[in-house]
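What follows is one structure encoded as structure tokens, with my remarks underneath.
Please treat every number below as a calculation from the coordinates, not as lab data. Just so it is clear, the model here is predicted, and its values are computed rather than measured. Please note: Cβ atoms are built from the backbone with ideal geometry, for glycine as well, and neighbour counts cover all protein chains shown.
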Amino acid sequence: MLEDLTPPDRTRKCKMGRIMESLDDKDQGILQKALDNPEVWAAKTLARELTMRGLSITEGPLGLHRNKSCGCVRGCLTIFGQRRKERLRLVSVRL
Ligand SMILES: [Zn+2]
């Protein structure tokens, strides 16, 4: 009766995360770089440029994803964070 009982999907991605997923590795890298540089890429500008290229996104969800206030955080971005922490640890060991 409960054979198909599975935990709920907690890695629901936001719109920005789904756009990211739909891109190939090269484009993902380019977009991630833009997301990581808010001083170069204002959310509004980046959203407009993406929309012009057929990736419909608005400033709001883009900003939430950038600030890790979205549904992606529990999923792939957690791994990202761990990697970043590891890198920080490596840096402090070298110092
Ligand atoms: Zn997201």
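How would L5, L46 line up from fewest to most surrounding beta-carbon atoms within 10 angstrom?
In increasing order of surrounding Cβ atoms, one gets L5, L46.
Sorting L50, L2 on the 10 Å Cβ count, fewest up front, what's the list?
L2, L50
Mind giving me the FRET efficiency for K33 and E3? R0 is 41 Å, r the Cβ-Cβ distance, nearest 0.05 is fine.
The formula returns an efficiency of 0.35 here.
Please give the contour-minus-distance gain from S69 to D24: 0.36 nm per residue of separation, less the Cα-Cα distance, rounded to one decimal in nm.
Contour length minus Cα-Cα distance gives 13.8 nm.
Listing V40, V73 from the residue with the fewest other Cβ atoms within 10 Å to the one with the most, what is the order?
With the fewest neighbours first, V40, V73 line up as V40, V73.
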